[in-house]
Amino acid sequence: MSGLRFTRDTRAIEGLPIRLVIAVIVGTAALSLMLGILADSEPSHPTEVTFETDDADDLIVTESSTETVTLSIIDENGRTVTDAVVIIESDTARVDQAYTFETGSSDNDVEIDFDQMDVELFSGQQSGELEVTIRPPTDSNWVDEEPNPEIVIIDG
């Protein structure tokens, strides 16, 4: 050490100046704060939407049914989705047109009144299905890319 005694060395870690040690400590603290903030933020990747009912039997309806089925629109994390549009279309059962139902801005439920829909099975069928599509609000990061549960129509 070129004549300096160890007890009079003012460097923080032997061989490193004190300013460099302080810069590393401050940088590490700032990085841990930024990572904590990022962990609390919402994910930027799209979140899938679907629906649920109070009872799975609600999705089984007779062809001449006059009942009303309530669908609650949620995302894959179970959070409610408001301002969504639900579209009911023919699949292996037939409806005379595509029916649309909207959730409100304050709730996530839609009521499907089968008394107002013309649902039919093709001749010789015992059961069929109606396709349910959800169109999430456009200003959100929700998507409906996965198939949703279908409404089963049975002969009766």
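Roughly how tilted is helix 18-40, in degrees to the nearest 10 and between 0 and 90, from the longest Cα axis of the chain?
With both axes taken from Cα atoms, the answer is about 10 degrees.
Go ahead and run the numbers for FRET between residue 117 and residue 141, Cβ-Cβ distance against an R0 of 22 Å, rounding to 0.05.
Values: r = 32 Å, r/R0 = 1.44.
Approximately 0.10, to the nearest 0.05.
Testing the spin-label approximation: label points 7 Å from Cα along Cα→Cβ at residue 31 and residue 107. State their distance in nm.
For the pair residue 31/residue 107, the computed spacing is 5.1 nm.
Read-outs throughout are calculated quantities, based only on the coordinates presented, and are distinct from any laboratory measurement. None of these values were measured; they are calculated from a predicted model. We place every Cβ from the backbone using ideal geometry, glycine too, and count neighbours over all the protein chains shown.
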